[in-house]
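Each reported figure results from applying straightforward, stated rules to the coordinates on display, with no laboratory input. No experiment lies behind these values; they were computed from the predicted model shown. All Cβ positions, even for glycine, are placed from backbone atoms using ideal geometry, and neighbour counts span all protein chains on display.
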Amino acid sequence: MGLFKNGTDGGLSVAVNALHSVSNPHSFLGINSDGQVAITHTKGNRYGHIVLRGGSNGPNYDSVSISLVEKELKEAKLPSNIIVDCSHANSNKDHNLQPLVFNDCVNQVVDGNKSITGMMLESNIGPGNQKLLEDLSQMEYGVSITDACVDWDVTEKTLLDAHSKLLPIISAR
């Protein structure tokens, strides 16, 4: 599956172009399973997804933004397969807002949206993030050293709440 994020400015053209490219067959020089140089052929992947992470103009997970993405994908003759990254600009880089973004997307699916196929959470055992220290004993176990994350309890609650809201919809499909 090809996942292509919108540009950091929030624009979709890079991701749409990537979806066009991945959906078509390709041939290229590669390495085969025996470690030899070989020409590799692909059939193309029609299951590509666009990942919305927001951008410099702010979030792009709301229903209006999703509708605009659906329209652009339709005009480009691409399937409306959308994954929302609940972190980054969609949560204003505040990990505590990720569940709100996630729940908004769940509610859009409950209200009938069929193009949102998934959401991404930045999750770890402990909340937030920390700098990588030379003395590893001074670091907190289970806390990210990259992007700030929600902790396990928040992740579990978010997923269980989504499950209870989405189960009737998924069961009906």
(Q) List pairs: first residue in region 7-34 and closer than 25 Å to residue 57 by Cα, second residue in a helix (DSSP H, G or I) anywhere in the structure, Cβ distance under 6 angstrom, at least six positions apart or on different chains. (A) 7/14; 12/72
Q: Please specify each residue of region 68-92 satisfying the condition of being over 15 Å from the mean Cα position of the chain (by Cα) and closer than 27 Å to residue 150 by Cβ.
A: 92
Q. Which residues, counting only those in region 116-167, are of a type in the set (Asp, Glu), over 20 Å from the mean Cα position of the chain (by Cα) and assigned to a helix (DSSP H, G or I)?
A. 153
Q) Can you tell me which residues in region 78-107 are touching a strand residue (DSSP E or B) at 6+ places or on another chain (Cβ under 6 Å) and part of a helix (DSSP H, G or I)? A) 89, 95, 98, 102, 105
Q: Could you list, in sequence order, all residues of region 33-63 that are hydroxyl-bearing (Ser, Thr, Tyr) and either surrounded by 20 or more Cβ atoms within 10 Å (Cβ to Cβ) or assigned to a loop (DSSP other than H, G, I, E, B) (or both)?
A: 33, 47, 56, 61
